[in-house]
Amino acid sequence: MEKLTMIDLCSGLGGASQPFLDRGWNVLRIDNNPKFEKIPNTIIISVKDIVFLLDDYQTDTKYLNPDFIWASPPCNCFSMASIHLHWTKRRKPKHIGVFNAIRTVVWCLDAIELFNPKYWVLENPRAKLRNILNKPGVIYPGLTTDLGLWGAKSPKPTDLWGEFPKITLPSSGTAINTKPIINA
């Protein structure tokens, strides 16, 4: 059986893709921060430059047709905790960093469109990004969950935009299903 392939955009420490790697998937992690260069399977490159990266992988076509893409664009400009630092009361960006954050989200969506995987997720805290992409399920399919129900130490309402298998979300007091959503 051919191994499944995942691309993790804005991968950081690789937490979103590690379970896939642990289950034997081919995983390619993309991040633009050099401090993550030692994380296994990570390439330091901007998401906007992923097209150029494809040229480097022409002989290794597994990354040209990924089964799944996970994108976690930086949330600092969209988070409710720091919204006052980045947005005016009239919902306008306060500085160029906000425009760069929005651009990164757009580049992630462009990469998803380019690769056209069967499944994909763009993840961000339930906050300001909704004003740009709308709530999950309106323009892009998706849902909102609370990562606290999935094992996070504290409540963390999170929006997931994307195409993914139908899943049953855990609720308070419910055991978390640890079986993989997509089997390798």
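Which ordering of Glu163, Glu2 is given by a fewest-first count of other beta-carbon atoms within 10 Å?
Least to most surrounded, the residues fall as Glu2, Glu163.
For a footprinting-style exposure proxy, rank Met80, Met6 by other Cβ within 10 Å, fewest first.
Ranking Met80, Met6 by Cβ neighbours within 10 Å, fewest first, gives Met80, Met6.
Picking from Ile7, Ser154, Leu85, whose Cα lies most toward the positive end of the charge dipole for segment 5-163 (charges on Cβ: Lys, Arg +1; Asp, Glu -1)?
The residue sitting farthest along the positive end of the dipole is Leu85.
What is the antiparallel percent of DSSP beta bridges lying wholly in segment 5-163, to the nearest 5?
Bridges in segment 5-163 are about 45 percent antiparallel.
Quick check for me: using +1 on Lys/Arg Cβ and -1 on Asp/Glu Cβ, what's the dipole size of segment 5-163 about its Cα centre, in debye to the nearest 20?
1080
Quick one: what Rg and Dmax do you get for segment 5-163 from the alpha carbons, in Å?
Computed over the Cα atoms of segment 5-163, radius of gyration and Dmax are 15.7, 51 Å.
With unit charges on the beta carbon (Lys/Arg positive, Asp/Glu negative), name the residue among Thr42, Leu129, Gln18 whose Cα is farthest towards the positive pole of the charge dipole of segment 5-163.
Ranked along the dipole, the leading option is Leu129.
What ranking do Asp159, Asp110 get, fewest neighbouring Cβ atoms within 10 angstrom at the top?
Ascending number of Cβ neighbours within 10 Å: Asp110, Asp159.
Report the calculated FRET efficiency for Phe52 and Met80 (r = Cβ-Cβ distance, R0 = 41 Å), to the nearest 0.05.
Approximately 0.70, to the nearest 0.05.
Sorted by mean Cβ packing within 10 Å, highest first, what order do the peptides 71-78, 9-16 take?
With the highest mean Cβ count within 10 Å placed first, the list reads 71-78, 9-16.
Please give the residues of segment 97-134, grouped as numeric ranges, whose backbone N is less than 14 Å from a label point set 7 Å along the Cα-to-Cβ vector of Glu2.
Those under the cut-off are 117-118.
The numbers here are math on the coordinates, done by the rules we state, and not lab data. Note that the structure is predicted; figures quoted are calculated from it, not measured. Positions of Cβ are backbone-derived with ideal geometry, glycine not excepted, and every protein chain shown enters the neighbour counts.
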